[in-house]
Structures are given as structure tokens and as C-alpha cells.
Amino acid sequence: MAGEEVRAVYDDIMATRNTDWINNFWKVLAHDPALLKRTWDSIKQVMAPGALDPLTKELVYIAVSASNGCEYCTYSHTASARAKGMTDAQLMELLAVVGMANETNRLVNGLKPPVDVQFEPHE
């Protein structure tokens, strides 16, 4: 049975996500209640609506997770994005962009072209 600290985080997760279950990621983190709380507080803040809408944030999460080879995160955030309205066409296009970005990033990292002055940040 979860201790009081863990139960409080679990209750917040379920209330925030409007669900009646806790997924395995949070259960694993619960072995370290401080890590569980810190991670939940951070993700809740970062994934909250802001300058980027919730679906866009999920799409970014999928892109990074796919690039990092995190199967769990790719699946869980794909499910979350679908719940927020992502279509199959959007997922396929997103993954095509991720693949293209990975390919061109590897080419640039290998070939080392200088950054064009037009692309450099200006204050």
C-alpha cells in the first residue's frame, strides 16, 4: 500500500488527468517518493496549457521520445495526443518530420557546415 506522500501524488495525478488509475511510470517512481513528487510537479507545470497548446506539447513529447528510443514514452504520449484529438495522419506526418530531422541532423553533425549568419540569433 502506498504511503501518505505517494497517495497524495497519486490522488493529484488521477484528479489532474481525470482518470481512476496510475500508470506504471509513476508506480516505479513511487519507490522514491521525493522523486515521484518532484517529477509530477515538473511535468504538471511543463505540460499545462501555455504558449503552446496541450496537443502541440504532446506532439513534441512524441517526437523527442521517438528520437530517444523511449518506447514507453512514445506509446503513452501517443495515447495522450490521441485523447487530445491527434489523427493518424498527424502522427504519420509527425514521425516523417522526426525521421527527416534526425537524418539531416546526422548529416550536419558529420559534415559540419558553418551556420549561416542569417540563421544566427540577433538581439
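Just so you know, all these numbers are worked out from the coordinates, no wet-lab data involved. What you are looking at is a predicted structure, and each value in this text was computed from that prediction instead of being measured. Here the Cβ positions follow ideal geometry from the backbone for every residue, glycine too, while neighbour counts run over all protein chains shown.
Remarks
- Cα-derived Rg to Rh of the chain, Kirkwood definition: 1.08
- Rounded Å value of the spacing that divides the Cα centres of the stretch 1-25 and the stretch 37-84: 18
- Longest to shortest principal axis, alpha-carbon extents of the stretch 62-105, angstrom: 31, 21, 10
- A simple spin-label model places pseudo-atoms 7 Å from Cα toward Cβ; at Leu111 and Val64 they are separated by 2.8 nm.
- Cβ charges +1 (Lys, Arg) and -1 (Asp, Glu), total dipole of the chain, debye: 200
- At least 24 Å along the helix axis (C-alpha) and Kyte average at least -0.5, DSSP helices within the chain: 88-111
- Listed residues Asn105, Gly85, Gly3: farthest to the positive end of the dipole of the chain (Cβ charges): Gly3
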